[in-house]
1. Which members of segment 114-163 meet the condition of being among the small types (Gly, Ala, Ser) and outside any helix (DSSP H, G or I)?
2. Looking at Ala23, is it farther than 19 Å from Ala70 by Cα and surrounded by fewer than 16 Cβ atoms within 10 Å (Cβ to Cβ)?
3. Which one of Leu166, Leu182, Leu204 is part of a loop (DSSP other than H, G, I, E, B) and either within 13 Å of Val150 (Cβ to Cβ) or not β-branched (Val, Ile, Thr) (or both)?
4. Within 41 Å of the chain's Cα centre (by Cα), at pLDDT 85 or above, not polar (S, T, N, Q) and not in a helix (DSSP H, G or I): is that true of Ile105 in this structure?
5. Given the options Gly173, Gly197, Gly120, Gly184, name the one that is out of contact with any Pro (no Cβ under 8 Å at 6 or more places or on another chain) and crowded, with 16+ Cβ neighbours inside 10 Å.
Amino acid sequence: MQTVGQILKQAREKKGRPLSSIARETKISARFLKALEKNQFGKLPAEPFTRGFIKSYTQAVNIPTKKALALFRRDFTVDKKGKIRPKKLSGIDQTSFLDSRILKILAIFFITLLFSIYLGFQLKTLFAPPALTVLKPEDNARLKGPIISVEGRVSADSSVWVNDQLVEVDNLGMWRKNLPVLPGENKIEVRAANRHGKETIKNLSVEVVDK
């Protein structure tokens, strides 16, 4: 089933005339004529002007005006805002009518997706225990006493204890504790807690030698 745009384009091409030739004869902008051929009436002026465009186009390509206007009335209507809207989807290019709606739907979808990702990350951070890394000493290391250095890093907004002794944490999350030890095996517990009460514990064992 042909549309008004299709019969106008076929008539023009049958006569071998470019769109610019029709534009010069009818004094109608080529972009309006192109929209007319593609049934993109959302890109055209109000309905009375569009009817005038159809009439001028049909006269330029020598086809019945009444038939073209009848096809236009069959496939399109005018809404309360005066905009031309399709009566049905089949056989008609709906790009100009649906583009803005699709863009809005996509924008809402991506905004919702980004917000969901951000919210999920925040919730994960909120309920996850702090990330704690002990850089020194290594587990089961052999060290010289009587003082050893225990140091590492922790995630932001967390406190650190080494064998239940609170350790100062700098702005970068780095911490260090000089810990007195005795010869032989020493157990070290490093505990980190964030402001939400979540904890991470690392247990180390080191052997301290006199020499």
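1. Within segment 114-163, Ala128, Ala131, Ala141, Gly145, Ser149, Gly152, Ser155, Ala156, Ser158, Ser159 meet the criteria.
2. no
3. When all the criteria are applied, what remains is Leu182.
4. On the way: within 41 Å of the chain's Cα centre (by Cα): yes; at pLDDT 85 or above: yes; not polar (S, T, N, Q): yes; not in a helix (DSSP H, G or I): no.
Judged against the criteria, Ile105 is not a match.
5. Going through Gly173, Gly197, Gly120, Gly184 in turn, just one is out of contact with any Pro (no Cβ under 8 Å at 6 or more places or on another chain) and crowded, with 16+ Cβ neighbours inside 10 Å: Gly173.
The values are calculated or read from the model by the stated rules, or taken from the named source; none is laboratory data. In this text, all values refer to a predicted model and were calculated from it rather than measured experimentally. Here the Cβ is made from the backbone with ideal geometry for all residues, glycine too, and neighbour counts use every protein chain on show.
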